[in-house]
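A quick write-up on the structure given underneath.
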Amino acid sequence: MADKEQDKQGNDEERTAKRKSGSSDKTKKNLATRLNRIEGQIRGIKGMIEKDVYCDDVLNQIAAAQSALNSVGKILLESHLRSCVTERIQKGDSEVIDELLKTVHKLLK
């Protein structure tokens with residue numbers, strides 16, 4: 001039984017590695033810009049901790065970074081629904097629904 005699960009997981013990973021994003025160049029550029037900004041926020045938070053900044057101020061910056069990252073996730077999810085998921089459903093691939101549900105559950109944790 002464990003061998004079957006490992007084979008399935010291996011096949012899923014192989015299939016995922018071969019797929020490409022359906023996001024437009026504009027969306028990818030938007031996401032990259034947002035992620036660069038978030039990266040800067042994270043470095044700023046690290047610097048605040050190193051400088052022993054008041055905890056509440058650091059926590060507020062962490063909340064802002066989490067919110068920004070959630071925003072990136074929402075944009076990517078919308079793009080995924082409009083392109084990849086729609087395309088796979090039109091091709092008759094209903095497995096995409098289970099995959100999408102797992103992903104949404106992870107995002108909502």
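List of remarks:
- Applying a threshold of 6 Å to beta carbon distances and a minimum spacing of six or more residues, or different chains, the list of pairs starting in the stretch 98-109 at a residue that is closer than 24 Å to residue 68 by Cβ and at pLDDT 95 or above and ending at one that is among the hydrophobic types (A, V, I, L, M, F, W, C) and surrounded by 10 or more Cβ atoms within 10 Å (Cβ to Cβ) reads 100/85.
- Residue selected from the stretch 20-74 under the condition in contact with a Gly (Cβ under 9 Å, 6 or more places away or on another chain) and in a helix (DSSP H, G or I), by the criterion farthest from residue 104 (Cα to Cα): 61
- Residue in the stretch 2-52 that is modelled with the lowest pLDDT, counting only those that are within 16 Å of the chain's Cα centre (by Cα) and of a type in the set (Val, Ile, Thr): 16
- Filtered by the rule that a residue be over 22 Å from residue 23 (Cβ atoms) and β-branched (Val, Ile, Thr), the stretch 59-83 gives a lone residue, 62.
- Residues (exposed (fewer than 13 other Cβ atoms within 10 Å of the Cβ), over 16 Å from the mean Cα position of the chain (by Cα), modelled with pLDDT of 95 or more and polar (S, T, N, Q)) located in the stretch 61-97: 90
The values are calculated or read from the model by the stated rules, or taken from the named source; none is laboratory data. As the structure is a computational prediction, the values presented were derived from the model and not from experiment. Ideal geometry is used to build each Cβ from the backbone, glycine not excepted, and the neighbour counts take in all protein chains shown.
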